[in-house]
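Submitted below is the structure of interest, expressed as structure tokens.
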Amino acid sequence: MKILYVAIKYDYGKPERGFSAQHYNFYSTLLNMNNKSLDVVYFPYDEVMINEGREEMNKKLLETVFNQKPDLIFFVVGDDAIKKEVIKKITDESGAVTFNWYSDDHWKFYNYSRYWAPLYHWVVTTDHDTVPRYYKMGYKNVILSQWACDHFTYKPLNLSKLYDVTFVGVAHGNRKKIVKELKEKYGIEVKCWGGGWPSGRISQEDMLKIFSQSKINLNFTKSSGIFWKELALVFLHRNYARKIRLTNPKYWIDNLKTMKASLFTRQIKGRNFEVPGCKTFFLTEYVNHLEDYYETGKEVECFKTIPELVEKIKYYLAHEKEREKIAQAGYERTIKEHTWEKRFNKIFETVRQEK
């Protein structure tokens, strides 16, 4: 089976930020999967567009599709860089099954996904609540999947524990406030890395070490929306060239729904699977449907309030054996059910059975 993988190579399409999460996780898994029959062709559309422009990128994508003749085309596209008419032509005329992975449907469905989904044979969503929204608009070929762990990369390192509590991720939303409160009110220091923190961004290699060197790895589930920014996006938008344009008023209602979801919705994230995949203890803010993937208190641990977070940090720092037992159980569940390889094989089986 030949797969054409179409996605961004760099984080937010910016080479200076390093490789994207899609490159690290999706592409890495496709290359390393045990399915020896896979022949993977990579089309990093952001890199091509940076070097040759949008028009040439779209032209080269069409050429690649009709020259390579793939069986499946795996899109991970969430912007307008690839033209609608190009995607439609590929779906209608290439003979390949096309599907797109939507990772932010909990807020992006309203002003993006629902308009682009009909261009593909299938779409994949990570948001349980969006599935009936697709059905309501008459689109039936939707697959509910979820984030996962690239077990070829995220694995136990068996390093000594250097940190009590850590967090790796961008300092958006209320994360700084929570970390500050933990230190000033409760005397709990959380070591943080990522954009917006004093320690700054770190490499993937260092991140994996920190996961394994931490007694407790924290995770927050709130979306990254900032009120003034989300409000501006109701009326303005950035196009593929990152230029700001006035949005057609007919989309303002959709954008208001997107704004509300972005500011208040919580979501399952890649960290929910990556940290347990490193066989280390994971303490995450609760999000709906978490229990569909892990048994809380036995495979991962969660909190809903700051007092509960404080209580559980203190408890698990004082109970190493229980902490390590949960880490082991979370690891076993991850490897058994929540790897990208298992997710992809299930998706491939579904989309190839029914075009």
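Considering the range 37-76 alone, what residues qualify as being of a type outside the set (Lys, Arg), touching a residue at least 60 places away in the same chain (Cβ under 8 Å) and more than 13 Å from TYR10 (Cα to Cα)?
THR64, VAL65, GLN68, PRO70, ASP71, LEU72, ILE73, PHE74, PHE75
Another one. Taking GLU285 as the residue in question, decide whether it is surrounded by 13 or more Cβ atoms within 10 Å (Cβ to Cβ), acidic (Asp, Glu), under 30 Å from TYR163 (Cβ atoms) and modelled with pLDDT of 75 or more.
Answer is yes for this residue.
Looking only at residues in the range 37-47 that are over 19 Å from the mean Cα position of the chain (by Cα) and outside any strand (DSSP E or B), which one is surrounded by the most Cβ atoms within 10 Å (Cβ to Cβ)?
LEU38
To continue, here is another question. Determine which single condition THR296 fails, assuming it passes every other condition in (1) buried (at least 20 other Cβ atoms within 10 Å of the Cβ); (2) touching a Leu at 6+ places or on another chain (Cβ under 7 Å).
Tallying (1) buried (at least 20 other Cβ atoms within 10 Å of the Cβ); (2) touching a Leu at 6+ places or on another chain (Cβ under 7 Å), THR296 fails exactly one: (1).
Residues in the range 21-36: is at least one without any contact (Cβ under 8 Å) to a residue 60 or more places away in the chain, assigned by TED's automatic domain parsing to the domain that holds ARG343, outside any helix (DSSP H, G or I) and not charged (D, E, K, R)?
No: the range 21-36 contains no residue that is without any contact (Cβ under 8 Å) to a residue 60 or more places away in the chain, assigned by TED's automatic domain parsing to the domain that holds ARG343, outside any helix (DSSP H, G or I) and not charged (D, E, K, R).
Taking the options ALA117, ALA148, name whichever one is within 17 Å of ARG343 (Cβ to Cβ) and among the aliphatic types (A, V, I, L, M).
Residue meeting the stated conditions: ALA148.
Would you please name the residue that is farthest from SER203 (Cα to Cα), looking only at residues in the range 147-180 that are buried (at least 18 other Cβ atoms within 10 Å of the Cβ) and in contact with a strand residue (DSSP E or B) (Cβ under 7 Å, 6 or more places away or on another chain)?
By that ranking, first place goes to VAL179.
Then there is this: Residues GLY173, GLY200, GLY196, GLY169: which one is without any contact (Cβ under 8 Å) to a residue 24 or more places away in the chain, of a type in the set (Gly, Ala, Ser) and on the phi > 0 side of the Ramachandran plot?
Going through GLY173, GLY200, GLY196, GLY169 in turn, the sole match is GLY200.
The values are calculated or read from the model by the stated rules, or taken from the named source; none is laboratory data. Please read all numbers here as calculations on a predicted model, not as lab measurements. With ideal geometry, Cβ positions are generated from the backbone for all residues, glycine too; neighbour counts draw on all protein chains shown.
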